[in-house]
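Student: Below is the structure I would like to discuss, written out as structure tokens.
The values are calculated or read from the model by the stated rules, or taken from the named source; none is laboratory data. Bear in mind that the values here come from a model prediction, so they are computed numbers and not experimental data. Because the Cβ atoms are built from the backbone with ideal geometry, glycine has one as well, and the counts that use them run over all protein chains shown. Areas reflect the complete protein model, heavy atoms only, side chains present, ligands, DNA and RNA absent. Shrake-Rupley method; radii C 1.70, N 1.55, O 1.52, S 1.80 Å.
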Amino acid sequence: MFHRFRIVNVFTCGEDRFSGNPLAVFEDGRGLDDRAMQQLALQFNLSETTFILPASTAEADAQVRIFTPAFEMPFAGHPVLGSAHVVFQLQKKENPHLKLETRAGIIPVWAENDIWSLQCKTPTYRAPEATPQQLATALGIRESDIGPSPLFVNTGTEQLIVQLTNRDGLMYCRPKAAAMQQFATNRQGLAQLFVWVRDGSLVQGRFFYLDRGVIVEDFGTGSACANLGGWLLANGAPRPLSLDIRQGHIIKRLSNLKLDINNARQVFVSGRVVSVGSGLLSL
């Protein structure tokens, strides 16, 4: 049996089609069980692979399941935006406004040209148990590099959000797997950590996670961008607020993300999505 898939890049930079975060999207996940989806995600070995399915509710246009090579995620930003781009093309809708059903709930998404945006879920919070010194040790930087108010934030996937005080601290981060597992593990048992510095309306960030015991740095992380919005709300940032997020500079594949927070405390993440390929996979 053949299954059609597409490759898209999400959060691309300008005209560079091969920037951003790559995503494999299976156009029709019907007939694939959980094990097959997980095997296909491992086969592609991208940060995420998604499977489009009929929605289980009339409120949504389609259902999207999101798999890393090792596990299923309830929500992730670049898979939702990239899948929305494919769903819109498949359904040949005139109005580029969709609602996608995920394990974290229904996510509104819409497009203006190739720029796709999503509205984030209302954030929840919890304080980490780690001290600034422990976080610094886990990241391989100085305690003075750790900024105020590290916080676990959840707008669909819980992550530890840590502001740094300077760009050197961001550049020199060298996380340690055991310490990340100890101090940055979310309620699902996954170690995920976003570090960032801000200069006016520009944020530079890095996202680290453990994949089968190995630390991986992500190219561009929509869920972390959403959780940064939650962190800013929790810390009283003035609204409305619009920030440009730059990610992937250390690992030589740039991503551009946009974060917006309105006066109603709603958080939005957006970025450019481009199609770069398609194919058939035989099972």
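Student: Please go through the range 176-194 and pick out each residue that is touching a residue at least 24 places away in the same chain (Cβ under 8 Å) and either at positive phi or touching a Leu at 6+ places or on another chain (Cβ under 9 Å) (or both).
Tutor: Lys176, Ala177, Ala179, Met180, Gln181, Phe183, Ala184, Asn186, Leu190, Gln192, Leu193, Phe194
Student: Residues of the range 85-104 being under 15 Å from Ser223 (Cβ atoms) and open to solvent by less than 50 Å² (accessible area, probe 1.4 Å), which ones?
Tutor: Leu100, Thr102, Ala104
Student: crowded, with 17+ Cβ neighbours inside 10 Å, at pLDDT 95 or above and either touching an Asp or Glu at 6+ places or on another chain (Cβ under 7 Å) or of a type in the set (Lys, Arg) (or both) - does that describe any residue in the range 219-239?
Tutor: No: the range 219-239 contains no residue that is crowded, with 17+ Cβ neighbours inside 10 Å, at pLDDT 95 or above and either touching an Asp or Glu at 6+ places or on another chain (Cβ under 7 Å) or of a type in the set (Lys, Arg) (or both).
Student: Could you give me the residue pairs with C-beta distances under 9 Å whose first residue belongs to the range 231-250 and is under 13 Å from Gln266 (Cα atoms), whose second residue is part of a loop (DSSP other than H, G, I, E, B) and among the aliphatic types (A, V, I, L, M) wherever it lies, and which are 6+ apart or on separate chains?
Tutor: Trp231/Ala237; Arg239/Ala264
Student: Here are some residues: Leu23, Leu46. Which one is at pLDDT 95 or above, of a type outside the set (S, T, N, Q), within 15 Å of the chain's Cα centre (by Cα) and assigned to a loop (DSSP other than H, G, I, E, B)?
Tutor: Within the list Leu23, Leu46, the selection yields Leu46.
Student: Criterion first (closer than 28 Å to Asn113 by Cα, open to solvent by less than 20 Å² (accessible area, probe 1.4 Å) and either modelled with pLDDT of 95 or more or not aliphatic (A, V, I, L, M) (or both)) does Pro69 satisfy it?
Tutor: no
Student: Is at least one residue of the range 164-186 surrounded by fewer than 24 Cβ atoms within 10 Å (Cβ to Cβ), in contact with a helix residue (DSSP H, G or I) (Cβ under 7 Å, 6 or more places away or on another chain) and of a type in the set (Val, Ile, Thr)?
Tutor: yes
Student: Does Val197 satisfy the criteria of being in contact (Cβ under 8 Å) with a residue 12 or more places away in the chain and either open to solvent by 10 Å² or more (accessible area, probe 1.4 Å) or farther than 17 Å from Gln119 by Cβ (or both)?
Tutor: yes
Student: Can I ask one more? Just to be sure I understand, how many residues within the range 261-278 are touching a residue at least 12 places away in the same chain (Cβ under 8 Å) and more than 23 Å from Gly220 (Cβ to Cβ)?
Tutor: Looking only at that region, the number is 2.
Student: Can you name every residue in the range 49-79 that is free of Cβ contacts under 8 Å to residues at least 40 places away in the same chain and either part of a loop (DSSP other than H, G, I, E, B) or more than 16 Å from the chain's Cα centre (by Cα) (or both)?
Tutor: Phe51, Ile52, Leu53, Pro54, Ala58, Asp61, Ala62, Gln63
Student: If you check Leu118, Leu135, which single one turns out to be in contact (Cβ under 8 Å) with a residue 60 or more places away in the chain and of a type outside the set (Ser, Thr, Tyr)?
Tutor: Being in contact (Cβ under 8 Å) with a residue 60 or more places away in the chain and of a type outside the set (Ser, Thr, Tyr) holds for just one of Leu118, Leu135, which is Leu118.
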